[in-house]
Amino acid sequence: MSREYFSSNPAMPFSDAVLVDGKTLYLSGRIGLIAGTTKVPDTAEEEAHLVLREIQRVLAMAGMTMDNLVSVQIFCSDVSLFERFNAVYRTYFTGKLPARAFLGSGTLLFNARFELMGIAVKD
């Protein structure tokens, strides 16, 4: 089994993603912070865009897109934000949507509203 590790910040104690056998990509949890800070944006929609762009960035490191995602887990500090997240989430896919869990999580790092992790597979 071969593994390729992707990391944009070697100071962090984890990899952004791990590609196994050149096909399956396991993505670490991502939150949507304002660039260069530990702050979340004012609105849930802005934060959803930021976290999804982070996922896109990590997928691109492995030559993949959002449409390569097969499974996603979203941790949310307030499940009343479900529809607001979904309105943004849907705009990031052109094909079929991945399997998904939307989980109430309590407090997230840096008081983020959303954390997203997933698994992607190359076609």
### Message
Residue under question is Phe14, and the condition is that it be among the aromatic types (Phe, Trp, Tyr), buried (at least 17 other Cβ atoms within 10 Å of the Cβ) and farther than 21 Å from Asp123 by Cα; does it hold?
### Response
no
### Query
How do the pairs read when you match residues in segment 16-31 that are under 22 Å from Thr107 (Cβ atoms) with residues anywhere that are aliphatic (A, V, I, L, M) and part of a loop (DSSP other than H, G, I, E, B), using Cβ under 8 Å and keeping only pairs 6 or more apart or on different chains?
Ile31/Val40; Ile31/Leu108; Ile31/Ala112
### Query
Of these, Tyr26, Tyr5, which one is among the hydroxyl-bearing types (Ser, Thr, Tyr), part of a strand (DSSP E or B) and under 17 Å from Arg100 (Cα atoms)?
Tyr26
### Query
Going through segment 89-123 one residue at a time, which ones are under 19 Å from Leu50 (Cα atoms) and among the β-branched types (Val, Ile, Thr)?
Thr91, Thr94, Thr107, Ile119
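No lab work stands behind these numbers, since they all come straight from the coordinates. Just so we're clear, the structure is a prediction, and the values are computed from it rather than from any experiment. Methodologically, a virtual Cβ is constructed for each residue, glycine included, from the backbone with ideal geometry; neighbour enumeration extends over all protein chains shown.
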